[in-house]
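One structure is given below, encoded as structure tokens.
Since every read-out is calculated from the coordinates, none of them should be taken as a lab result. Since this is a predicted model, take the numbers as computed values, not measurements. With ideal geometry, Cβ positions are generated from the backbone for all residues, glycine too; neighbour counts draw on all protein chains shown.
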Amino acid sequence: MCVAVCGRTLERNRSINLLLLVHPLTLSPSRMPVENIQYSEKYSDDRYEYRHVILPLDIARHVPKTHLMTETEWRNLGVQQSPGWVHYMMHGPEPHVLLFRRMRTDIVPAPRCTALQREQTVVYSI
């Protein structure tokens with residue numbers, strides 16, 4: 001098990017003691033029961049692709065309540081998905097459901113006109 005060093009080193013009788021605290025997000029992914037994590041199908045709107053991930057309650061208790069997780073944090077919980085997904089929202093009534101999104105890659109953005117192209121455009125009116 002990995003541990004995070006939190007606190008100061010204390011010197012007593014010429015020996016150094018470290019205050020070690022186990023932080024839940026420093027647990028190795030191999031220690032988490034990842035086989036019980038459920039992944040939704042992807043769904044999308046005109047801009048984003050979405051999916052939600054349902055964590056078993058023993059993993060969900062490690063989800064921070066104070067902030068959205070970074071990719072490193074959710075991967076350390078055992079969530080496995082391709083790069084680019086962002087934990088974008090918390091759903092209060094169901095904290096064990098993680099909501100993810102990423103920009104759609106199947107849409108070609110419309111070309112934008114530069115200022116020079118706009119100046120070169122001739123408008124005719126009759």
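Just a few scattered comments:
- With 0.36 nm allotted per residue and the present C-alpha distance subtracted, the S82-T114 stretch has 8.1 nm of extension available.
- Each residue, S40 and R61, gets one label point 7 Å from its Cα in the Cβ direction; the gap between the two is 2.6 nm.
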